[in-house]
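Student: Can you read through this structure? Questions will come right after.
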Amino acid sequence: MGYDIPEPYVWDESFKVFYDKLDEEHKGLFKGLFDVAGDKASAGKLAHLVGAVDAHFKNEESMMQAKSYADFPTHKQAHEAFLSKIKGLKAPVDDATVHFAKDWLVTHIKGTDFKYKGKL
Ligand SMILES: [Fe+2]
Ligand SMILES: [Fe+2]
C-alpha cells in the first residue's frame, strides 16, 4: 500500500493523466511544494502553493463537470478537505506538514486523479 514519494520532489511520467493542461498543473504543484519544502519559513512560497492548488482543483473540477464525471462529488470533497487544510497553514510550516502534503499529492494523483484517465 502507498505510493513512493519522489526524492527530490519532482513530477515524473509515472504521474501522467494524459491531459496536457492537467499534467502541466500537476508539475507546477510538485514544484510549488518542492519550493515550500526548501524554504519552510516563506509565507510567499506557501501562498503561491495554495493559489496553484486552488486553481488546479477548479480546472480539474470543471473538466469533470463538463463530462458529468460520476465520481465528481467524492473527488471534489477530497479536494476541499486538502485545500481547507493548506489554507489554514501559516509559515513556517513544519516537516510533518510538508511530508503530509507531499504524500497527499502523490496519493491523490495516483489513487484518485488516475480514475478519470480516458474519461474527461
Ligand atoms: Fe484531483
Ligand atoms: Fe489533480
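Student: Name the lysines eligible as straight-distance cross-link partners of LYS40: C-alpha to C-alpha under 30 Å, and not fewer than 8 places from it in the same chain.
Tutor: Cα-Cα hits under 30 Å: LYS16, LYS21, LYS27, LYS31, LYS58, LYS76, LYS85, LYS87, LYS90, LYS102, LYS110.
Student: On to the next question. For SER42 and ALA96, calculate 0.36 nm times their separation in residues minus their Cα-Cα distance, and state this gained length in nm to one decimal.
Tutor: 17.8 nm
Student: Sorted by accessible area (1.4 Å probe), largest first, how do ILE5, ILE86 line up?
Tutor: Sorted by accessible area, descending: ILE5, ILE86.
Student: In addition: Ignoring everything but the protein chains, give the 1.4 Å probe accessible area of TRP104 in square angstrom, nearest 10.
Tutor: 50 Å²
Student: Could you state how much accessible area LEU29 has, in square angstrom rounded to the nearest 10, with a 1.4 Å probe and all protein chains kept in place?
Tutor: Accessible area, nearest 10 Å²: 10 Å².
Student: Can you pull the percent of the chain's accessible area that's carbon plus sulfur, 1.4 Å probe, other chains left in place? Don't skip to the answer; put the middle values down first.
Tutor: Numbers: 3700 of 6680 Å².
The C+S portion of the solvent-accessible surface of the chain is 55 percent.
Student: Could you state the principal axis extents of the C-alpha atoms in region 19-116, from the largest down, to the nearest angstrom?
Tutor: 41, 24, 19
Student: Grab the DSSP H runs of the chain that are 4 residues or longer, score each as -39,500 (n - 2.57), total them, divide by all residues and round the 222 nm result to the nearest 500 deg cm²/dmol.
Tutor: Numbers: 4 runs with 76 residues, N = 120.
So the calculated ellipticity at 222 nm is -21500 deg cm²/dmol.
Student: With every protein chain left in place, what is the accessible area of SER14 in Å² (1.4 Å probe, nearest 10)?
Tutor: About 50 Å², ignoring ligands and nucleic acids.
Student: Stretch GLU61-LEU120 to full length: gain in nm at 0.36 nm per residue minus the Cα-Cα span?
Tutor: Result: 20.2 nm gained on full extension.
The values are calculated or read from the model by the stated rules, or taken from the named source; none is laboratory data. It should be emphasised that the depicted structure is a prediction, and the values quoted were computed from it without experimental measurement. When the accessible area is computed, the model is the full protein with side chains, heavy atoms only, and any ligands, DNA or RNA have been set aside. Shrake-Rupley method; radii C 1.70, N 1.55, O 1.52, S 1.80 Å.
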